[in-house]
Each structure stands twice: as structure tokens, then as C-alpha cells.
Amino acid sequence: MPRSSFSGGIASPKVDVMIDMGNPFLNLTLDGFLKIGTVGALRVAAEETYHCVQKGSISSHKFEHTLKKMCKEGAYWGTVAGVYVGMEYGAERVRGTRDWKNALIGGAITGAVISAASNDSRDKVVVNAITGGAIATAAEFLNYLT
């Protein structure tokens, strides 16, 4: 007799949407873009919903503004995540090992690239590289705790 079951938990959401680009680097980069871009867009949706509930009304203009903001934030968050995932994977391939140092390298490169693309000053690019490396390393260490 066929049986099916569902298992999962609040602590570990699992969403798998795989688009095969024919290259592991491209697959991981696109996956990071889509997943984290969705998180960024949903953050805007939740924030704007809160503001609409607080005001007690919504207009077509506000709705259109929210959709545009969701797309912009989703694309930004997705781009940052895609660059990070790609850089971390690249560091892993170059170094030939999988450890926290890849997160540090990927985060630092991502911070520098995103900052440079925003036409920031040289000092700001360096600071953002340091911040990106620190955040990525901290996230990696948190993954080891769980």
C-alpha cells in the first residue's frame, strides 16, 4: 500500500528550486540569487503591509510603489547573494578545501565588489570588504554551532 509522509521543522526550512545552467558555479550563483532575492522581496512586502495596516488604507499608487520596491530590493539582495555564493565556491575550488576561510574570502570579495560597483571611495570599499568578510565568517561559524 503506497504511503507518503511530510517531515520538516520550523528550524530548518528547505526550499529547492533547481535550474541547471550546466555549470556548478552558475547553478550555485543563480540559486543564491533566487533564494535570497525572494527573501529581500518578501521583507519589503511585510514592511509595506505593516505600514498599510498601520494607516488603514491602500491605494493603487502605493501598491505599484510596493511592487517596484520589492523588485528593486529582491534584485539587490539576490545580486549580493549570488556574488557571495559564487566567490565562496570559487575560493573553495582554488584552495581545494571547504572551511570557514572560503566564507571570509567570499565575503570580503563580495563587499569590495558591491561597494566598488556603487562608486564608493577606496576607503569605503576596503571597509565594506572587511565588513563582508566578517559577516560571512560569523554566519559560517553560526552554521557550525547548529
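A short reminder: the numbers here are calculations on the coordinates, not readings from a lab. All values derive from a computational prediction rather than experimental measurement. With ideal geometry, Cβ positions are generated from the backbone for all residues, glycine too; neighbour counts draw on all protein chains shown.
Report relative contact order for segment 99-146 in percent, whole number only (criteria: Cα-Cα under 8 Å, sequence separation at least 6).
49
In the chain, with Lys and Arg counted as +1 and Asp and Glu as -1 at Cβ, which of these residues, Cys71, Ala45, Gly56, has the Cα nearest the positive end of the dipole, that is, farthest along it?
Sorting the options by dipole projection puts first Gly56.
Which number gives the lysine pairs in segment 7-146 that have C-alpha atoms under 18 Å apart and are eight or more places apart or on different chains? Don't jump to the answer; show the numbers that get you there.
Numbers: Lys14/Lys35; Lys35/Lys69; Lys35/Lys72; Lys62/Lys72.
So the count of such lysine pairs works out to 4.
List the trypsin sites (Lys or Arg not before Pro) within segment 71-135 that DSSP assigns to loop and that have no more than 16 neighbouring Cβ atoms inside 10 Å. All intermediate terms of the calculation are to be shown ahead of the outcome.
Working: sites: Lys72, Arg93, Arg95, Arg98, Lys101, Arg122, Lys124; in loops: Arg98.
Those that pass, being in a loop and sparsely packed, are Arg98.
For segment 45-146, with only Lys/Arg (+1) and Asp/Glu (-1) charged at the beta-carbon, what is the dipole magnitude about the Cα centre, in debye rounded to 20? Don't skip to the answer; put the middle values down first.
On the way: 11 positive and 10 negative charges, 28 e Å.
Once rounded to the nearest 20, the dipole reads 140 debye.
Ratio of alpha-carbon Rg to the 2.2 N^0.38 Å globular estimate for segment 23-78, to two decimals, please. Don't skip to the answer; put the middle values down first.
Values: Rg = 14.0 Å, N = 56, 2.2 N^0.38 = 10.2 Å.
After normalising by residue count via 2.2 N^0.38 Å, the value is 1.38.
Can you show me the helix-derived [θ] at 222 nm for the chain, built from DSSP H runs with n ≥ 4 at -39,500 (n - 2.57) apiece and divided by the number of residues, rounded to the nearest 500.
Taking each H run of at least 4 residues, the total per residue is -27000 deg cm²/dmol.
Report, please, the projected area of the chain averaged over directions, based on the convex hull of its C-alpha atoms, in nm².
Mean projected area for the chain: 14.2 nm², to one decimal.
Could I have the simple spin-label model distance between Ala138 and Ser60, label points 7 Å from Cα toward Cβ, reported in nm to one decimal?
Those two pseudo-labels are separated by 4.5 nm.
Take the alpha-carbon centre of segment 85-146, take the same for segment 38-58, and report the distance between them in whole Å.
Distance between centres, Cα-based: 30 Å.
Using Cα pairs under 8 angstrom and six or more residues apart, how large is the relative contact order of segment 23-78, in percent?
On the way: 40 pairs, mean separation 33.9, N = 56.
With pairs under 8 Å counted, the relative contact order is 61 percent.
Return a whole-number percent for the relative contact order of the chain, with Cα pairs under 8 Å and 6 or more residues apart as the contact set.
Normalised by residue count, the contact order of the chain is 20 percent.
Based on Cα positions only, what radius of gyration and what Dmax would you give for segment 99-146, in angstroms?
Taking only Cα atoms of segment 99-146, I get Rg and Dmax of 11.4, 38 Å.
Residue separation times 0.36 nm, minus the C-alpha to C-alpha distance between Leu67 and Thr97: what's the value?
Details: separation 30, 0.36 × 30 = 10.80 nm, distance 4.14 nm.
Here the answer is 6.7 nm.
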